[in-house]
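**Q** My questions all concern the structure below.
The values are calculated or read from the model by the stated rules, or taken from the named source; none is laboratory data. A quick note: this is a predicted structure, and the numbers were derived from the prediction, not measured. When we count neighbours, we look across all protein chains shown, and the Cβ atoms used for this are built from the backbone with ideal geometry, even at glycine. Heavy atoms of the whole protein, side chains included, go into the accessibility calculation; ligands, DNA and RNA do not. Shrake-Rupley method; radii C 1.70, N 1.55, O 1.52, S 1.80 Å.
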Amino acid sequence: MDTVTEPVADEVPTTETPRADRRRFLALGTSALGALAALSPTAAVEAQPPKVGSRSKPVTPSRVPGSDVALTWQDPLLRLVRRITFGLNPAEVALARQLGYNGYLEYHLRADQIDDSATEAAIAQRCPMVGMPVATLKTQDGNEAVEQLTDATWYRAAFAKAQLRERMVEFWSDHFNISTNKSGWVKILDDRDVIRPNALGNFFTMLRASSQSAAMLYYLDQYSSRTPTPNQNYAREIMELHTLGVDGGYTQDDVAELSRILTGYSYDGNTYAFSYNRTYHDRNAKTFLGTAFPAMPSTATNAQFKGEADTAITMLLTHPNTARFIATKMARYLLAYDPPTSVIDATAAAYTRTQGDIKTMIRTILTSANLSAAPAKFKRPFHLTVSAMRGLGMDMSTVNNIRSGIKQPADFMGQPLFEWEQPDGFPDRVDWWSGLVVTRWNFMGTMSRLTSTTTARFDLTPFRVLDTAEGVVNQISARLFANEIPATLKLALIAYLKGGTYNETRVRETIALALSSNEFQWF
């Protein structure tokens with residue numbers, strides 16, 4: 001009989017509570033903050049800490065606070081850069097200009113052809129545990145392994161050239177959410193074997209890989225589910241969250257029947273590879289989504305027992321409600337909180353026609369016409385921080401890891417990676433994240449002042465190539481907004497720079513104000 005070993009206690013990470021430095025930001029000129037706040041409809045929203053425990057629901061445009069900053073975005077190409085990367089910077093904008101709309105999108109869809117060797121070499125040096133074989137990895141400190149997974153994720157989001165892949169890694173990591181507070185270091189295997197290889201690949205392949213992931217099977221209690229009282233957690237979530245959707249037409253009886261079908265799905269406690277445990281399997285007759293699964297003799301092979309689950313998972317993958325659920329969720333993530341029905345229909349058709357080809361679905365969603373008509377989306381804390389790092393050209397070359405200078409204080413905004421406890425992933429809703437405005441302002445102020453060679457360093461030199469108030473604000477406009485900045489914001493920043501002694505501190509404060517502006521909160 002296969003053995004299953006639960007991750008031991010010292011493999012479960014602890015969560016440190018980062019401390020935000022509020023004093024310096026609050027010391028900024030209150031008149032200038034007030035002026036920018038007047039430009040910022042977001043500021044009218046009361047701070048609201050993220051809540052744990054409720055499932056995500058779509059948000060309608062009428063619930064979006066403030067006016068749509070996308071109305072000032074005239075260039076469809078720049079809209080595309082905003083959506084498929086973690087933030088504008090001069091190099092990315094130049095690349096997009098060179099390739100044009102379709103060429104730029106295709107460049108990012110062919111992520112395997114993008115040379116990210118420099119980023120991967122840095123990760124291999126700073127986060128070696130994410131690349132270790134299981135036999136070595138399981139002998140390491142589990143907490144440190146989880147830290148290195150989050151460090152690597154931050155590092156790739158900020159510095160990898162294959163930005164669309166990183167955006168889709170974020171999307172699928174939420175879709176197939178696994179909390180490291182339960183899975184511990186085993187999530188590393190899921191990240192490198194399930195999520196990352198398939199983020200721009202095929203959904204059918206990814207779901208099947210997820211269904212055999214040790215981290216997923218442990219997180220949703222499938223690994224020990226056995227007849228006659230199978231655990232229903234994974235059976236429920238694979239339908240509600242991974243395929244059909246909560247309104248996908250299944251019943252509680254289907255949950256119960258699928259849980260019986262899935263009995264036997266487990267993993268090897270030594271290798272953490274998928275393992276089928278025939279002694280756990282329910283051989284009796286079942287009916288799932290109207291399809292009969294006959295009783296099986298005790299002499300049936302492992303392949304025959306497991307074949308029931310293979311059939312059931314294929315039924316879920318090819319179900320029209322799965323096509324619509326995945327299409328809606330991808331369109332909501334890439335295009336708009338309330339995507340047009342026509343886009344969802346076309347994307348669902350692409351899913352069915354290609355049997356889950358993710359690139360084809362992305363092409364269907366991100367047409368120039370669709371993006372030109374789409375309202376802006378609100379940056380979640382991770383996205384906001386990475387976009388600031390990219391816009392500022394943050395230098396991490398002398399830093400051993402990203403956690404002390406960036407990750408831990410950013411977590412104070414409520415999105416510590418891989419720690420969302422519920423299986424539905426961090427919400428993709430503006431009303432969930434639009435609170436905590438002051439906390440976001442505080443951290444943008446902190447980032448503008450990072451000058452340490454041991455934590456993170458923001459070099460001000462590129463912003464002062466023309467060392468005048470107008471010159472600095474022109475660089476802010478180019479580097480943070482690709483020159484799509486409202487005239488009112490530009491004038492407010494110039495007025496702040498000229499309102500006191502012009503020096504490095506004043507320039508950094510002005511950049512903090514730009515990062516805190518309403519316009520920088522959206523993409």
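**Q** Go through the range 237-247 and report how many residues are buried (at least 18 other Cβ atoms within 10 Å of the Cβ) and part of a loop (DSSP other than H, G, I, E, B).
**A** 3
**Q** Let me ask something else. Determine whether the range 452-469 contains at least one residue that is under 20 Å from Lys379 (Cβ atoms), open to solvent by 10 Å² or more (accessible area, probe 1.4 Å) and either charged (D, E, K, R) or touching a His at 6+ places or on another chain (Cβ under 8 Å) (or both).
**A** No, the range 452-469 contains no residue that is under 20 Å from Lys379 (Cβ atoms), open to solvent by 10 Å² or more (accessible area, probe 1.4 Å) and either charged (D, E, K, R) or touching a His at 6+ places or on another chain (Cβ under 8 Å) (or both).
**Q** Let me ask you something else. If we scan the range 253-261, do we find a residue that is more than 22 Å from Asn302 (Cα to Cα) and either at pLDDT below 95 or open to solvent by 50 Å² or more (accessible area, probe 1.4 Å) (or both)?
**A** Checked the range 253-261: at least one residue is more than 22 Å from Asn302 (Cα to Cα) and either at pLDDT below 95 or open to solvent by 50 Å² or more (accessible area, probe 1.4 Å) (or both).
**Q** Pick out, from the range 412-519, the helices (runs of 4 or more DSSP H) lying fully within it that include 2 or more residues that are in contact with a Phe, Trp or Tyr (Cβ under 8 Å, 6 or more places away or on another chain).
**A** Working: elements: 430-433, 437-448, 469-481, 487-498, 504-516.
Passing ranges, in order: 430-433, 437-448, 469-481, 504-516.
**Q** If Asp254 satisfies all but one of (1) in a helix (DSSP H, G or I); (2) more than 30 Å from Arg165 (Cα to Cα); (3) free of Cβ contacts under 8 Å to residues at least 24 places away in the same chain, what's the number of the condition it fails?
**A** (3)
**Q** For the range 167-190, how many residues are open to solvent by 10 Å² or more (accessible area, probe 1.4 Å) and of a type in the set (Asp, Glu)?
**A** 2
**Q** At least 3 residues that are within 16 Å of the chain's Cα centre (by Cα) in each: list the helices (runs of 4 or more DSSP H) lying fully within the range 149-214 that qualify.
**A** Ranges flagged: 163-175, 187-190.
**Q** For Asp310, indicate whether it is part of a helix (DSSP H, G or I) and among the acidic types (Asp, Glu). Reasoning before the result, please.
**A** On the way: part of a helix (DSSP H, G or I): yes; among the acidic types (Asp, Glu): yes.
In short, yes.
**Q** Would you say Thr322 is among the hydroxyl-bearing types (Ser, Thr, Tyr) and assigned to a helix (DSSP H, G or I)?
**A** The answer is yes for Thr322.
**Q** For the range 146-165, enumerate the residues that are open to solvent by 10 Å² or more (accessible area, probe 1.4 Å) and under 14 Å from Arg390 (Cβ atoms).
**A** Matches in the range 146-165: Tyr155, Arg156, Phe159, Lys161.
**Q** Then there is this: Could you list, in sequence order, the residues of the range 285-303 that are touching a residue at least 12 places away in the same chain (Cβ under 8 Å) and either farther than 12 Å from Glu257 by Cα or surrounded by 12 or more Cβ atoms within 10 Å (Cβ to Cβ) (or both)?
**A** Lys286, Phe288, Leu289, Phe293, Ala295, Met296, Pro297, Ser298, Ala300, Asn302
**Q** Which one of the conditions (1) within 22 Å of Leu384 (Cβ to Cβ); (2) in contact (Cβ under 8 Å) with a residue 40 or more places away in the chain; (3) buried (at least 20 other Cβ atoms within 10 Å of the Cβ) does Thr119 fail to meet, given that it meets all the rest?
**A** The single condition Thr119 does not satisfy is (3).
**Q** Could you check Ser275 against (1) in a loop (DSSP other than H, G, I, E, B); (2) touching a residue at least 40 places away in the same chain (Cβ under 8 Å); (3) farther than 28 Å from Phe171 by Cβ; (4) of a type in the set (Ser, Thr, Tyr) and say which number it fails?
**A** All conditions are met except number (1).
**Q** Please state which of the following conditions Asp395 fails to meet, knowing it meets all the rest: (1) open to solvent by less than 20 Å² (accessible area, probe 1.4 Å); (2) under 19 Å from Asn89 (Cβ atoms); (3) acidic (Asp, Glu).
**A** Answer for Asp395: the failing condition is (1).
**Q** Is at least one residue of the range 322-331 small (Gly, Ala, Ser) and out of contact with any Phe, Trp or Tyr (no Cβ under 7 Å at 6 or more places or on another chain)? Steps first, please.
**A** So the first thing to find is which residues in the range 322-331 are small (Gly, Ala, Ser), and the list is 323, 327, 331.
Still in the running and out of contact with any Phe, Trp or Tyr (no Cβ under 7 Å at 6 or more places or on another chain): 331.
Yes, the conditions are met somewhere in the range 322-331.
**Q** Go through the range 443-463 residue by residue and tally those that are under 17 Å from Ser404 (Cβ atoms) and touching a residue at least 12 places away in the same chain (Cβ under 8 Å).
**A** The total comes to 12.
**Q** Kindly indicate the residue of the range 225-236 that is within 19 Å of Asp424 (Cβ to Cβ) and assigned to a loop (DSSP other than H, G, I, E, B) and also farthest from the chain's Cα centre (by Cα) among those meeting that condition.
**A** Asn231
**Q** Taking the condition modelled with pLDDT of 95 or more and open to solvent by 20 Å² or more (accessible area, probe 1.4 Å), does Ala482 pass? Walk me through how you get there before you give the answer.
**A** Details: modelled with pLDDT of 95 or more: yes; open to solvent by 20 Å² or more (accessible area, probe 1.4 Å): no.
No.
Yes or no, residue by residue, for (1) within 24 Å of Phe463 (Cβ to Cβ); (2) surrounded by fewer than 20 Cβ atoms within 10 Å (Cβ to Cβ):
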{"residue": "Tyr351", "(1), (2)": "no, no"}
{"residue": "Ala373", "(1), (2)": "no, yes"}
{"residue": "Arg390", "(1), (2)": "yes, no"}
{"residue": "Asn400", "(1), (2)": "no, yes"}
{"residue": "Arg449", "(1), (2)": "yes, yes"}
